[in-house]
Amino acid sequence: DNDLEDIDSLLERLEDPSGLSPQSQGGLIADSRPLLYVEHRNLNPENELKRYFGARAVLGDQRPRQRQRQYVRSTWLTAPKNTWPRYSKTGIAMRLLDTRRGVQHFTFEHHREYQQVQFKFLDAVESMDPNNIVLLLQMNPYHVDSLLQLSDVCRMQEDQEMARDLIERALYSLECAFHPVFSLTSGTCRLDYRRPENRAFFLALFKHLMFLEKRGCPRTALEFCKLILSLDPENDPLCVLLLIDFLSLRAREYTFLTRLFQEWESHRNLSQLPNFAFSVPLAYFFLSQQEERPELEQGQAREQAARLIQLALIMFPSVLMPLLDHCSVQPDARVASHPFFGLNAQISQSPALNQLTSLYVGRTHALWKDPAVMAWLEPQTHEVLRMVEARDPLVQEAEHKRKIRYQSAPRNIYRHVILSEMKEATAALPLEVTSQPVMGFDPLPPLDSIVSYTRPERTSHPSNESTLSLFFRSLLPNFNLQGDIRHDGDDEAGAGQDLNQGVNRLMAAMRDMLANIQFQEPPRDDNPEGDGDWD
């Protein structure tokens with residue numbers, strides 16, 4: 001363990017431009033690093049579990065077996081397991097497209113052999129039979145989309161362990177294809193979600209962090225969330241901004257959440273998302289409760305928490321009552337009877353806003369159950385009601401914003417809701433989303449996809465063919481019962497003649513076969529000691 005810690009600290013010195021260790025910089029380390037800086041040590045859930053339970057409880061008897069393992073490539077995202085098939089090159093590669101303003105743009109590429117496997121996978125998906133995907137994985141154990149799709153099947157069958165293992169195997173396959181200069185930690189490497197080859201990496205990371213959060217590793221899940229956001233922070237194709245606040249609170253990384261809000265609010269309007277509007281003041285409240293902080297900082301955090309939670313309640317009044325209901329808290333008579341927080345607040349909001357508020361309440365309500373949090377929330381709610389009754393301009397302004405904004409949700413929010421499987425938000429999905437098939441390996445693909453290769457068109461036969469015609473076609477794929485042969489030349493005419501001769505031979509062989517079939521009587525029971533053979 002000490003050797004591992006030494007390696008981690010050495011890597012941090014190499015990655016840190018100043019060359020100083022975290023200990024020497026002290027409290028400044030959080031502010032000096034880029035916001036989306038990813039630490040390698042925080043990508044390993046075992047490190048988090050060891051902090052909670054100790055190394056002996058987590059590792060147990062694994063270490064001797066790990067020493068015996070040979071010729072296994074070391075990776076950061078997942079640790080390869082002895083139970084996995086032996087890895088060989090899959091046909092995935094990564095290419096550097098260009099470098100602009102210090103940001104490197106990469107893309108995954110599928111070689112010809114991988115494309116052929118991808119076409120077989122699409123056929124297997126269309127067959128609606130998971131066994132076909134299992135057969136494909138037996139031949140190609142590191143085909144990424146098959147691993148993602150089969151993981152969803154296992155999860156639906158309550159086999160969480162296998163589902164998680166398949167996602168880890170997909171991540172391992174993708175990491176083995178990384179470009180030499182692609183960095184997980186720098187925050188300056190980009191992948192375009194519009195390219196289908198890149199989507200598997202985003203989806204595998206997202207599914208992996210969801211498993212980590214359920215496993216009780218929120219700090220590791222937060223690090224993976226930062227990694228996804230760093231791959232495309234401008235477009236955020238999986239809309240992890242709707243999740244990163246929850247993971248920050250679960251991991252007690254309150255300073256990171258408040259810093260994200262401060263640095264991104266000006267250009268991303270994070271306060272217009274209900275999850276940030278409510279989670280950031282909650283983070284400030286938790287900071288104000290930390291006794292090791294100076295009294296001045298505690299007081300500032302308390303003031304910020306009060307100011308921001310009042311703004312959140314004014315902007316999104318429809319959150320309060322469902323949140324209290326999920327927390328099994330009965331509001332007092334004044335709050336319960338006031339129309340500002342009443343049923344009308346939920347009915348009058350747009351479907352898109354209802355999507356966001358339902359997602360937040362369903363995901364985060366457990367964090368609000370703390371009695372200290374409820375004791376802090378109550379006076380803030382009464383202060384908001386006082387502002388409403390005094391006709392404060394902030395209230396009218398917020399109502400105006402709600403009517404103008406949130407007309408329709410962008411596609412990445414729908415994609416996030418589908419991947420999150422939060423029943424409160426899934427129920428609010430619009431018909432145009434629920435009426436189309438959603439594939440686990442590529443949910444709601446972008447409308448402006450950049451396609452590098454296409455699946456060859458499958459030869460389709462007329463649907464009005466008779467059963468006899470289809471039977472003959474299964475025996476002779478080129479057979480046409482109607483004799484519809486185009487004579488565009490002597491060669492094709494000869495080919496048509498050969499085809500007819502082949503059909504005649506087939507018909508003759510079938511007549512002989514049918515004529516020679518003899519049905520024999522089953523054995524009689526009057527000889528019970530016989531061997532049962534037919535005469």
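The alpha-carbon positions of the stretch 295-359 define a convex hull whose volume is 113 Å³ per residue.
How charged is the neighbourhood of Glu197? Take every other residue with its Cβ under 13 Å from the Cβ of Glu197, and add Lys/Arg as +1 and Asp/Glu as -1.
Surrounding charge for Glu197 is 0.
Ignoring lysines fewer than eight residues from Lys89 along the same chain, the ones with Cα atoms less than 25 angstrom from its Cα are Lys81, Lys120, Lys207. Amide H to amide H, with H built 1.01 Å from N, Glu109 comes under 5 Å of Ala93, Met94, Arg95, counting only residues 5 or more places away or on other chains. Taking all protein chains together and a 1.4 Å probe, the residues Lys50, Lys89, Lys403 rank Lys89, Lys403, Lys50 from largest to smallest accessible area. Here, the stretch 173-245 yields an orientationally averaged convex hull projection of 5.0 nm² when only Cα atoms define the hull.
Taking all protein chains together and a probe of 1.4 Å, list Val361, Val451 from the most accessible to the least accessible.
Val451, Val361
Counted over the stretch 144-184 with a bin width of 5 Å, the fraction of Cα pairs per bin, in whole percents, is 6, 26, 25, 16, 12, 9, 5, 2.
How many Å² of accessible area per residue for the stretch 75-177, probe 1.4 Å? Walk me through the numbers before you get to the answer.
Values: 5300 Å² over 103 residues.
Per-residue value: 51 Å².
Loop-resident chymotrypsin sites (Phe, Trp or Tyr not before Pro) (DSSP state other than H, G, I, E or B) in the stretch 95-200 with no more than 13 further Cβ atoms inside 10 Å of their Cβ are absent.
Restricting attention to the stretch 102-193, which trypsin sites (Lys or Arg not before Pro) occupy a DSSP loop and are surrounded by at most 13 other Cβ atoms within 10 Å?
none
Scaled against 2.2 N^0.38 Å for its residue count N, the alpha carbon radius of gyration of the stretch 109-205 is 1.12.
Calculate the translational D of the stretch 209-347 in whole µm² s⁻¹ from Stokes-Einstein, where the hydrodynamic radius comes from the Kirkwood formula applied to all Cα pairs, the temperature is 4 °C and the viscosity 1.567 mPa s. The diffusion coefficient I find is 79 µm²/s.
Its alpha carbons give the stretch 344-419 an Rg and a Dmax of 15.2, 43 Å. The Cα-based radius of gyration and maximum Cα-Cα distance (Dmax) for the stretch 253-443 are 17.3, 55 Å. Computed in the context of the full set of protein chains, the accessible area of the stretch 105-257 at 1.4 Å probe radius has 49% of its extent on carbon or sulfur.
The values are calculated or read from the model by the stated rules, or taken from the named source; none is laboratory data. Here the structure is a predicted model, which is why all the values come from computation and not from measurement. Using ideal geometry, Cβ is built from the backbone for each residue, glycine included, and neighbour counts are taken over all protein chains shown. In case anyone asks, the SASA skips ligands and DNA or RNA and just uses the protein heavy atoms, side chains included. Shrake-Rupley method; radii C 1.70, N 1.55, O 1.52, S 1.80 Å.
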